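Notes follow the structure.
The values are calculated or read from the model by the stated rules, or taken from the named source; none is laboratory data. Since this is a predicted model, take the numbers as computed values, not measurements. Glycine also receives a Cβ, built like all others from the backbone with ideal geometry; neighbour counts cover every protein chain displayed. What goes into the accessible areas is simple: the full protein's heavy atoms, side chains included, and nothing from ligands, DNA or RNA. Shrake-Rupley method; radii C 1.70, N 1.55, O 1.52, S 1.80 Å.
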Amino acid sequence: MTLLHLENVAAHYDQFQALRDISLSVAAGETLAVVGSNGAGKSTLMKVICGALPASAGRVRLNGQDIAGQPAHRLTAQGIAMVPEGRRLFRSLTVEDNLRIGAYAGRKGPWTLERIYQLFPELVKRRDNRGLDLSGGEQQMVAIGRALMSNPQMLLMDEISLGLAPIVVNQIYRALPDIAAEGMGLLIVEQDINRSLSVAARFCCLMEGRVNLTGPCADTDRKALMDAYFGVSA
Amino acid sequence: MPRILILAGLGLVLLSLPLWGSGYQQRSVVEFLYFLSLAMAWNLLAGYAGLVSIGQQAFVGIGAYALVVLAEDLGLNPFLTLPLAAAVAALAALPASWLLFRLQGAYFAVATWVIAEVLRLAANASIDWLGGGRGRAVRSLGGFERGLREDITFYAALALAAVAVAGAVWLLRSCTGLGLMAIRDSEPGAQAVGVETTRTKRRVYLFAAAITGAAGALIYITQINVRPDAAFSVNWAAYVIFIVVIGGIGTIEGPIIGTLIFLALREALSGLEGWSMLIFGAIAIAMMLFAPRGIWGLVTERWNIALFPIRRQMPARFIEKETT
Amino acid sequence: MIVLSTLVSGVLLGGFYALLGLGLSLTFGIMRTVNLAHGDLVVLASFLALAVTQMLGLSPLVSLIVLVPVMFGLGYALQGLVLNRVLKDGMMPAVIITFGLAFVIQNGLLMGFSADRMVLRQGTLETAGVTLLPGLTVGVLPLITLGAVLALMAGLQLLFRYTLIGRAFRATSDDPQIAALMGIDPKHVYALAMGLACAIIAVTGVLMGMRSNFSAFDGPIRLIFAFEVIIIGGMGSLNGVLVGGMILGLSQVIGGALNPSWFQLTGHLATLAVLIVRPSGLFPETIDRS
Ligand SMILES: Nc1ncnc2c1ncn2[C@@H]1O[C@H](COP(=O)(O)OP(=O)(O)OP(=O)(O)O)[C@@H](O)[C@H]1O
Ligand SMILES: [Mg+2]
């Protein structure tokens with residue numbers, strides 16, 4: 001069943017059009033990898049889905065309902081969560097309070113403080129530290145945990161491996177199947193294509209605000225993908 | 001060039017006003033001109049440099065007391081004190097800027113007010129020299145025959161307003177103006193491309209202080225008695241903010257329109273002491289909510305005109321047609 | 001003995017100033033903007049208390065039962081209906097709107113009540129005193145005020161630290177965009193914060209109205225004192241407010257003891273001195289960061 005469905009979506013920053021004519025869909029339990037070079041519009045796409053930036057055209061549907069134009073704080077209550085680029089923990093809150101505030105919208109579901117600590121055991125001893133006293137990897141775990149605490153149906157993750165050591169990235173990526181197993185839709189953006197294709201079922205490549213290639217991850221034509229990524233016209 | 005013609009015609013009418021106008025008209029125009037100068041200065045600060053001051057009355061007061069001290073204690077011709085009052089105000093603005101520029105945004109605003117308040121209290125406390133709360137009068141103005149005094153006042157006001165407007169236009173067209181626009185758009189961005197943000201802002205702050213100081217001296221040439229509570233009154237800031245907000249922040253034309261509206265409204269509401277300030281406050285709030293670019297902003301939205309073009313045209317080769 | 005009683009009265013005066021600074025500090029801490037009508041809202045609260053005491057025959061302290069919710073609603077509406085509309089345009093619109101509001105309140109009070117100086121009377125409480133040492137008597141009202149400040153500060157600490165809505169306040173203050181992703185409506189939080197500040201302003205207005213008489217145009221000087229308290233105490237720091245109030249009170253009282261016309265001046269100079277030496281205040285951002 002389609003969980004999230006975008007239809008001819010466009011978005012603008014003032015005059016500048018950052019997204020045009022985007023159509024894509026994610027099913028419950030499915031992971032979609034969004035790839036594209038710097039400035040392709042990946043983060044903008046996520047902002048539109050979570051309501052941080054209103055779409056200037058097109059439809060965004062969650063479970064068939066049009067949610068375009070609703071503010072971010074309402075969409076959280078309807079089950080959309082995001083791990084933002086750069087983690088952006090609340091600097092005045094402790095780790096545990098950062099996680100708790102994730103549950104502000106009050107959605108019921110499998111994710112609780114205990115489950116998050118099971119998923120990322122290293123956070124237990126850091127629970128009373130301020131977010132910014134943590135290492136980058138630990139901060140990223142808090143950011144993911146914070147998003148999970150809202151028990152979303154659809155989870156968006158923007159460059160979760162940015163600036164982290166490969167070993168830490170591996171550790172975080174090992175947690176992703178556990179997360180996906182709960183049946184939520186996942187939308188993953190990464191610079192490192194191999195990384196995101198390894199956990200996703202399908203990919204979607206953006207170039208200058210447009211989708212220029214989509215397909216299943218399993219048997220992709222690497223050359224076609226590379227061409228799409230770098231904008232070499234076939 | 002119709003714009004040049006309009007400006008030249010307007011200039012001619014103003015210059016010849018003492019020949020044909022009544023004393024009342026002449027005094028009204030003087031009032032228009034000094035409010036315009038004050039508004040121009042505040043507009044440069046808030047509209048272009050992002051420095052929202054509510055303490056410009058500090059420089060009105062400094063200018064007024066410069067007039068008193070220079071004319072009464074040093075025996076200078078009161079009208080010659082105008083440029084000196086500007087210099088004194090700019091000089092005083094320098095240490096003030098060291099302090100104020102450590103503060104951001106709204107804190108800057110209140111701190112400018114605290115400084116004005118300190119000066120008001122200090123002038124009140126200086127009983128022997130500045131006459132304390134009762135202030136001092138510029139007696140040497142009595143040495144002028146009344147008609148002559150009013151004519152000189154008129155031309156001095158005209159010169160001040162011309163300097164304020166021309167100075168603002170010149171400042172905005174210069175490198176400083178470019179830097180200011182960059183700062184207004186994004187201060188970190190401006191720094192990144194090498195705009196010396198603090199120095200640029202300080203230059204504007206000193207210029208605004210000089211204009212305000214000279215206006216302060218001029219105002220008290222027309223009023224003769226300088227009292228600290230009036231000269232350092234926060235009402236100066238209120239009037240000026242009202243003028244610029246209603247006319248249009250960040251434009252050269254806005255303060256001109258705003259001053260006209262302000263004087264007309266004040267005339268219409270005269271006699272309703274409390275009501276007039278209440279209405280000014282309410283209008284300022286409504287403008288910020290519903291027409292933040294002021295009346296001039298509404299005009300330019302509809303018709304594409306400018307009396308004082310300061311915006312640079314982008315060379316055509318940089319304007320690329322969007323391709324599909 | 002004179003020295004001691006001067007110091008004590010400075011500290012007690014500081015309690016009033018701390019209370020005055022508390023509401024302003026709260027709005028700055030959460031919204032990063034200064035409400036220029038703060039002082040006028042305090043005076044408005046004093047006048048409202050006067051009206052309530054006269055109409056309902058309540059004493060000023062009891063009138064808080066009515067006043068606190070009314071001022072809370074007023075603050076919520078001010079932020080929710082007016083200031084939230086200009087949030088995205090930087091700080092200038094909020095500064096100008098609250099400056100305009102200051103003039104509306106002042107002249108509205110002038111027209112509604114007259115220019116006379118008023119005072120709130122709570123039996124003989126204002127003049128009651130406790131003698132601590134022979135020759136050193138302390139007023140009951142300043143002690144109540146000091147107690148009120150401490151209680152309000154403790155209450156805010158508990159709110160921010162241990163409640164969900166308190167955490168939402170801090171999260172919104174840190175990063176409103178990300179807070180929205182948590183399901184928090186930043187505009188609602190801002191309106192609540194302004195409501196809370198105005199509820200504190202209600203308490204301030206009543207206690208200050210009992211301490212000394214007030215008139216429609218006392219708002220600006222109260223704003224300046226409140227501002228000085230948070231400059232000295234450190235911007236956005238709730239705990240700094242107490243020390244900021246004490247330092248301001250002490251410097252005014254000491255200055256006034258040296259020369260009566262220096263009373264306010266020395267307070268202003270102390271503030272400017274702090275600005276020169278430690279521009280971020282003595283306690284930069286402590287509480288809501290803890
Ligand atoms: N707040 C903004 N205001 C104006 N333009 C923006 C803004 N944010 C992004 N853009 C522009 O929109 C385009 C898409 O940006 P976006 O951040 O979505 O790219 P991205 O694919 O996430 O890139 P990256 O890989 O660097 O994160 C870029 O050209 C960028 O310059
Ligand atoms: Mg991005």
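Some notes on this structure:
- Scanning the range A:34-53 for residues that are in contact with a helix residue (DSSP H, G or I) (Cβ under 8 Å, 6 or more places away or on another chain) and more than 13 Å from chain C (Cβ to nearest Cβ) yields A:Val34, A:Val35, A:Gly36, A:Ser37.
- Looking across the range C:54-78, just one residue is of a type in the set (Ser, Thr, Tyr) and open to solvent by 40 Å² or more (accessible area, probe 1.4 Å), and that is C:Tyr76.
- Restricting the range A:22-59 to residues that are open to solvent by 50 Å² or more (accessible area, probe 1.4 Å) and under 22 Å from A:Gly185 (Cα atoms), the residue that is nearest to the chain's Cα centre (by Cα) is A:Lys47.
- Residue in the range A:131-142 that is of a type in the set (Val, Ile, Thr), more than 16 Å from ligand 1 (Cβ to nearest atom) and open to solvent by 20 Å² or more (accessible area, probe 1.4 Å) present: no
- In the range B:107-123, of all residues being open to solvent by less than 10 Å² (accessible area, probe 1.4 Å) and within 8 Å of chain C (Cβ to nearest Cβ), the one that is nearest to B:Gln57 (Cα to Cα) corresponds to B:Val114.
- Members of the range B:205-231 found to be open to solvent by 10 Å² or more (accessible area, probe 1.4 Å) and not in a helix (DSSP H, G or I), listed by number: B:Ile224, B:Asn225, B:Arg227
- For C:Gly183, the stated conditions do not hold, so it cannot be described as open to solvent by less than 30 Å² (accessible area, probe 1.4 Å) and more than 14 Å from chain A (Cβ to nearest Cβ).
- Residue list for the range A:149-163, restricted to those being more than 23 Å from C:Ile184 (Cβ to Cβ) and either surrounded by 18 or more Cβ atoms within 10 Å (Cβ to Cβ) or in contact with a Leu (Cβ under 6 Å, 6 or more places away or on another chain) (or both): A:Glu159, A:Ser161
- Close pairs from the range A:34-49: first over 19 Å from A:Arg87 (Cβ atoms) and among the hydrophobic types (A, V, I, L, M, F, W, C), partner assigned to a loop (DSSP other than H, G, I, E, B) and more than 10 Å from ligand 2 (Cβ to nearest atom), Cβ under 6 Å, at least 6 apart: A:Val48/A:Ala55
Conditions tested, residue by residue: (1) within 15 Å of ligand 2 (Cβ to nearest atom); (2) of a type in the set (Asp, Glu); (3) touching a Cys at 6+ places or on another chain (Cβ under 6 Å); (4) over 22 Å from A:Gly69 (Cα atoms).
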{"site": "A:His12", "(1), (2), (3), (4)": "no, no, no, no"}
{"site": "A:Gln15", "(1), (2), (3), (4)": "no, no, no, no"}
{"site": "A:Ser23", "(1), (2), (3), (4)": "no, no, no, no"}
{"site": "A:Glu30", "(1), (2), (3), (4)": "no, yes, no, yes"}
{"site": "A:Val35", "(1), (2), (3), (4)": "yes, no, yes, yes"}
{"site": "A:Ala40", "(1), (2), (3), (4)": "yes, no, no, yes"}
{"site": "A:Leu45", "(1), (2), (3), (4)": "yes, no, no, no"}
{"site": "A:Ile49", "(1), (2), (3), (4)": "yes, no, no, no"}
{"site": "A:Pro54", "(1), (2), (3), (4)": "no, no, no, no"}
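- Each residue in the range A:60-92 was checked for being small (Gly, Ala, Ser), within 16 Å of ligand 1 (Cβ to nearest atom) and surrounded by 16 or more Cβ atoms within 10 Å (Cβ to Cβ), and 1 pass.
- Of residues in the range A:176-219 being touching a strand residue (DSSP E or B) at 6+ places or on another chain (Cβ under 7 Å) and without any contact (Cβ under 8 Å) to a residue 40 or more places away in the chain, the one least open to solvent (accessible area, probe 1.4 Å): A:Gly215
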